[in-house]
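Data first, discussion second: the structure below is written as structure tokens.
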Amino acid sequence: METLKNDPGEETSVLYSRNNELDCEPALIEKENTSRNDIECEAVFQVRGISKVYRMGDVEVHALRSVDLDLYKGEFAVLLGASGSGKSTLLNIIGGLDVPTEGTVIYRDHILTSADDAELTRFRREHVGFVFQFYNLIPSLTALENVQLITEIAEKPLDAIEALKMVGLSERLDHFPAQLSGGEQQRVAIARAIAKRPDVLLCDEPTGALDYKTGKIVLEVLEQVNRELGTTTAVITHNAAIAAMADRVIHIGSGRITAIERNSKKARPSELTW
Ligand code: ADP
Ligand code: MG
């Protein structure tokens, strides 16, 4: 058990196992370590001291308070916290959909918090795949056309049919969203998100609208994408059971990171129960 200072007066506990594949706390790793660690410990995102205050008339809502966080290349991170704890605000800031009131977000060598709207749009378009609770598919387009919408504008996309095959939907290419179940629609949304081969996949409550069985199928797809494409993946949930499939679990409460846990062994989605 190690601790690190998150902000003055606040201690964040970090469970840390030396045997884990994603042994990446930079402060805890020797520079001369194996090349494997060097690769896996690359921070794709560095979030430093971010706060977000929403002003609603006279009322201020402090959605995030001095948050520090790294997301590492290829990891599967679960952001776990109660409703209203600031998870979506954090993910939206990381994904360039929103900007913090204070603090810095660095994506590789880009300082996102210094970027203008056009640069943020380019960052999102080129590097980020989003998956939301409600699938946001275009109802008048088929599954294949929803994915092609992205593959036609991306620089080095996956083949749209391949992307749909990867999420197990090769038999549903010509179905419209209304002709698909919730889980199938979410899998189309995942295919669309990964079709541009994003560097990072950000998922906000991807199973929130799904029943137990369908939710697990969607988690299996996310795990497979992370493993096969190596896409750095962050999944928001308020469902503690999902934490077991993560490399790291980032606990969020009242706008702060309250703890970061590292799973020494990841559960398969099929092993999760809730
Ligand atoms: P979570 O995703 O963990 O449920 P959010 O990040 O959505 O939490 O919200 C954190 C806090 O910020 C909540 O109190 C919420 O009401 C508030 N909040 C979120 N978005 C806005 C907004 N656009 N305007 C005002 N308050 C907001
Ligand atoms: Mg939310």
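The values are calculated or read from the model by the stated rules, or taken from the named source; none is laboratory data. These numbers were taken from a predicted model, which means no experiment stands behind them. Virtual Cβ from ideal backbone geometry, glycine too; neighbours counted across all protein chains shown.
Yes/no per residue for (1) of a type in the set (S, T, N, Q); (2) in contact (Cβ under 8 Å) with a residue 60 or more places away in the chain; (3) in a helix (DSSP H, G or I); (4) in contact with a strand residue (DSSP E or B) (Cβ under 7 Å, 6 or more places away or on another chain):
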position	(1), (2), (3), (4)
Thr121	yes, no, yes, no
Ala163	no, no, yes, no
Gly168	no, no, no, no
Glu171	no, no, no, no
His175	no, no, no, no
*Options Gly81, Gly95, Gly103: the member that is over 26 Å from Ile150 (Cα atoms), at pLDDT 95 or above and more than 11 Å from ligand 1 (Cβ to nearest atom)*: Gly103
*Hey, Val78 hits all of (1) at positive phi; (2) in a strand (DSSP E or B) but one; which does it fall short on?*
(1)
*Taking only pairs six or more apart or across chains, which ones have beta-carbon atoms under 7 Å, a first residue in the range 234-258 that is farther than 20 Å from Val44 by Cα and part of a helix (DSSP H, G or I), and a second residue that is more than 10 Å from ligand 1 (Cβ to nearest atom) and among the polar types (S, T, N, Q)?*
Ala241/Thr273; Ala244/Asn263
_Search result, residues across the range 39-75 that are in a loop (DSSP other than H, G, I, E, B), within 27 Å of Thr207 (Cα to Cα) and of a type in the set (Asp, Glu)_ = Glu75
_Evaluation of Leu201 against (1) modelled with pLDDT of 95 or more; (2) within 16 Å of ligand 2 (Cβ to nearest atom); (3) touching a Gly at 6+ places or on another chain (Cβ under 7 Å) (one fails), failing number_ = (2)
*What is the one condition in (1) touching a residue at least 12 places away in the same chain (Cβ under 8 Å); (2) within 16 Å of ligand 2 (Cβ to nearest atom); (3) of a type outside the set (D, E, K, R) that Gly84 does not satisfy?*
(1)
